[in-house]
Structures are given as C-alpha cells and as structure tokens.
Amino acid sequence: MPGQSDSDFAWHGSTGQRRWWRIRCSDVVDRDRCLTVLVDRDTVVVVGPPGETAVLSAGQLGELRTALREAAEQAER
C-alpha cells in the first residue's frame, strides 16, 4: 500500500447499540486482512482473519490499541 499511511486503513462505525472498528493488517504471507473489534453490550469481541495469523505494523498496532481502549470504555458504561 505504497504512499498511504496505515491509519488510512482503519474504519469504525456503529450498528444500533454496537460500535465496531476494523483494522487493516496482513497475514504471514503478506495478503491483506482485517481485525475487527466490536462491543456487544458489556463485552469486547476481537475477530481475526479466519484460521490465520494477523501481522500488524507499528501504525496498525496503534489503531488496534485505540480501538480496544475505546471498546473497553464503551463496554464499561
């Protein structure tokens, strides 16, 4: 993804009461994948690429950290 920062690939939104974040990452053979973080009432759910390992750059790790912090705050409300 030349010429674009990792933060260009993080999305967030909401569906009803659920907030979600999607963080772009790659698998071990460098294919594009996503991690999804969502809040379901008082539970934070992290969904990874099915059957795969997520590889995150420093910028993508920052996006995941932010998503997890915001999700935890919402789940505690």
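The values are calculated or read from the model by the stated rules, or taken from the named source; none is laboratory data. None of these values were measured; they are calculated from a predicted model. We place every Cβ from the backbone using ideal geometry, glycine too, and count neighbours over all the protein chains shown.
Computed quantities for the displayed model
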| item | result |
| --- | --- |
| Unmet criterion (only one of (1) part of a strand (DSSP E or B); (2) modelled with pLDDT of 90 or more) for VAL44 | (2) |
| Single unsatisfied condition, ARG33 versus (1) among the basic types (Lys, Arg); (2) surrounded by fewer than 13 Cβ atoms within 10 Å (Cβ to Cβ); (3) under 20 Å from GLY13 (Cβ atoms) | (2) |
| Long-range neighbours under 9 Å by Cβ, at least six apart or interchain, first residue farther than 13 Å from TRP21 by Cβ within segment 51-77, second assigned to a helix (DSSP H, G or I) and of a type in the set (S, T, N, Q) | ALA54/GLN60; GLY59/SER7 |
| Residue in segment 63-74 that is exposed (fewer than 13 other Cβ atoms within 10 Å of the Cβ), at pLDDT 85 or above and in a strand (DSSP E or B) present | no |
| Residue among ARG18, ARG24 that is of a type outside the set (A, V, I, L, M, F, W, C), surrounded by 13 or more Cβ atoms within 10 Å (Cβ to Cβ) and at pLDDT below 85 | ARG18 |
